[in-house]
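For reference, the structure is listed below as structure tokens.
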Amino acid sequence: YYFQPSSEKDLISFLKDYELDLPIYPLGAGSNIIIRDHGFYGVIIHFNKLKDIFIDKKGIITTYCGAMDADVARFARNHSRTGLEFLIGIPGTIGGGIKMNAGCFGREFKDILISIQAVNKSGKVLTIPAKDIDFKYRDSGLSDELIFLSASFKGFKKEKSQIKSEVRKLIEKK
């Protein structure tokens, strides 16, 4: 089965109403995925429509987990927030980045994450502070039973032109 939620509410309703006893596989950009010839016997939830990015009055950036990492880096730059530039070099989504503690250029998700919102397979929404996540190299230690909804990131005020220059250098380096 393939499901593509159009909103957080849509996903939660689906999970609450879900009665099939099959594994669920959350799919973001698919940049680290290989599917065997015989396919996947279960439910694939594709997050490509849950990709909005927001910023609050305190400068905290919150994004749905289907957002591309590079888009979040650009959003942060456009709002004069530094610290997220390294995301420009990661070819995946925020959800996948959280799951594997993605990183490059000496930075990882654990360095910028404030908290995540996740939903379990019965539709219950949980907020998990970053300090409660057991990040390791390319692993978050979070249960495979959790489906990530959104994440909040810290950034710091900086001149947009300086951030733009740093992003350009990282792209050239990559």
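The values are calculated or read from the model by the stated rules, or taken from the named source; none is laboratory data. Owing to the predicted nature of the structure, the values given are computational and were not obtained by experimental measurement. As a convention, Cβ positions derive from the backbone with ideal geometry for all residues, glycine included, and neighbour counts pool all protein chains shown. With ligands, DNA and RNA removed, areas are computed over all heavy atoms of the protein, side chains included. Shrake-Rupley method; radii C 1.70, N 1.55, O 1.52, S 1.80 Å.
Brief remarks follow.
- Of the trypsin sites (Lys or Arg not before Pro) in segment 36-68, those whose Cβ has at most 15 other Cβ within 10 Å and which sit in DSSP loop: R36, K49, K57, K58
- Relative contact order [Cα under 8 Å, 6+ residues apart], the chain, whole percent: 23
- Of K51/K99; K124/K154; K58/K158; K51/K136, those spanning more than 23 Å from alpha-carbon to alpha-carbon: K124/K154; K51/K136
- Choice from S161, S80, S152 showing the highest fluctuation, given a GNM over the chain with Cα pairs closer than 10 Å: S161
- Panel note: the C-alpha atoms of the chain, placed on their principal axes, show extents of 51, 37, 29 Å (largest first).
- Compactness of segment 92-164 as Cα Rg over 2.2 N^0.38 Å, two decimals: 1.19
- Accessible-area composition of segment 83-156, carbon plus sulfur, in percent [1.4 Å probe]: 55
- Solvent exposure of segment 121-174 amounts to 68 Å² per residue of accessible area, where only protein heavy atoms count and the probe is 1.4 Å.
- With all protein chains kept in place, the per residue accessible area of segment 18-63 amounts to 73 square angstrom at a probe of 1.4 angstrom.
- Dividing the alpha-carbon radius of gyration of segment 43-125 by the rule-of-thumb value 2.2 N^0.38 Å gives 1.08.
- Averaging the sequence gap over all C-alpha pairs within less than 8 Å and six or more residues apart, then dividing by the number of residues, gives segment 5-66 a relative contact order of 34 percent.
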